[in-house]
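So the structure is just underneath, and the comments pick up after that.
Coordinate-derived values only; no laboratory data. Here the structure is a predicted model, which means the values were calculated and not measured. Quick reminder, even Gly has a Cβ in these numbers, built from the backbone with ideal geometry, and neighbours come from all protein chains shown.
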Amino acid sequence: MPIEDGPKTYRELAELLRGRIEGGEYPPGSTLPPITELMDTYKLARQTVRAALNQLASEGIVRSAPRKGTVVQARTERRRITRSQVVTRSTAGMYVFPAASYPDEAWQTHGTPRRSYEPAPDRVAEMFSVEPSSEVLRRRRIMSPEEEPPFQIVDTWLSPQAVEDAPRIGEKSTGPGGYLDRLEEAGHGPLSWIETVRTRMPSEEEAQLLEIAASMPVMEMTLVGRSGRTGDALEVTIRVIPGDRVELVSELVRDASAAWPRKEGVR
């Protein structure tokens, strides 16, 4: 492309690079030319090139990797999470909550699941009625469908009371039914749950673990499990998912007042 016909703005450069990526010139895992090379090739200012790369990063197309440069991301399937209020049990006896997966889909764990005592985030500390930054047991898993990059970080925080009443939840193997069954067996059944969903920007650590750009928003799903005996929060599970990989779906149901055909006398 003659330079005089080349991109003049960051949007035009982003469009050009996006086309080359989608056309296969830069496959997933490859790196784009360095910023200085792009500046020299297209006679653009550094800030213009950076803005173009930031635009691609915000779309989940590339990410900045230490010692590598700008890496092209693998395109993953956007998954739907159907928001229901039903908790079931699997054939293996585990509780099942609404999730971004499909029947019979195989998932993998990236790295080794970890159990450690970590400073509790402010929200978790408040739910557990402990001092901010108190060390609380955390179980962490990084998961994805097989042969895909990391899809979600799953952190389960367990209150000091929960660990005291059901010590096995701190072990590597929590036994049939998992840590939730151990809590219910310890006298806290039946557990009840409330889930909240919000979007936010990732922390530096989260961006690295999920292999995304720091400019990519994430969806945070927080599930709080409370004791059936005391009503206290015993476990807080926080899922962090890149914003370009999931969408929430809810089926709307008509109330009797919204029935069709419209009833006589209903305004």
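Any idea what angle helix 10-22 forms with the longest principal axis of the chain, computed on alpha-carbon atoms, 0 to 90 degrees, nearest 10?
Helix 10-22 sits at roughly 80 degrees to that axis.
Once amide H atoms are built 1.01 Å from N in the peptide plane, which residues 5 or more positions from residue 189, or in another chain, come under 5 Å H to H?
Distant-sequence amide H within range of residue 189: 228.
Are there any trypsin sites (Lys or Arg not before Pro) in region 119-180 that are in a DSSP loop and have at most 14 other Cβ atoms within 10 Å? List them by number.
Here the sparse-neighbourhood loop sites are 172.
With unit charges on the beta carbons (Lys and Arg positive, Asp and Glu negative) and the dipole taken about the Cα centre of the chain, which residue among 9, 61, 256 sits farthest to the positive side?
The one lying farthest along the dipole's positive direction is 256.
Suppose each label sits 7 Å from its Cα in the direction of the beta carbon; what would the residue 40-residue 252 distance come out to in nanometres?
About 5.7 nm separates the two model spin labels.
Enumerate by residue number the GluC sites (Glu not before Pro) in region 1-49 meeting two conditions: DSSP loop (anything except H, G, I, E, B), and at most 15 other Cβ atoms within 10 Å of the site's Cβ.
25
Given a cut-off of under 8 Å on Cα pairs at least six residues apart, what relative contact order in percent is computed for region 105-184?
26
So what is the relative contact order of the chain, in percent, for Cα pairs below 8 Å that sit 6 or more residues apart?
Relative contact order here is 17 percent.
May I ask you to derive the FRET efficiency for residue 25 and residue 197 from their Cβ-Cβ distance with R0 = 45 Å, giving the value to the nearest 0.05?
0.75
Given R₀ = 41 Å, FRET efficiency for residue 107-residue 8 by Cβ-Cβ distance, to 0.05?
Rounded to the nearest 0.05, the efficiency is 0.35.
Under the 0.36 nm per residue contour assumption, what length would be gained going from the current alpha-carbon distance of residue 116 and residue 259 to full extension?
So the chain would gain 46.2 nm between residue 116 and residue 259.
What's the angle, to the nearest 10 degrees (0 to 90), between helix 46-58's Cα axis and the longest principal axis of the chain?
Roughly 40 degrees between the two axes.
Can you give me the long-range amide H partners of residue 152? Hydrogens built in the peptide plane at 1.01 Å from N, cutoff under 5 Å, separation of 5 or more residues or another chain.
The answer is 143.
Quick one: order 62, 163 by neighbouring beta-carbon count within 10 Å, fewest to most.
Final ranking by Cβ density, sparse to dense: 163, 62.
Pop a pseudo-label 7 angstrom from the Cα along the beta-carbon direction at both residue 68 and residue 131 and give the gap in nm to one decimal.
4.1
Just need the relative contact order of region 154-267 here, percent rounded to a whole number, with Cα pairs under 8 Å and 6+ apart.
26
Using a Cα-Cα cut-off of under 16 Å, which lysines could be cross-linked to residue 43, ignoring same-chain neighbours fewer than 8 residues away?
8
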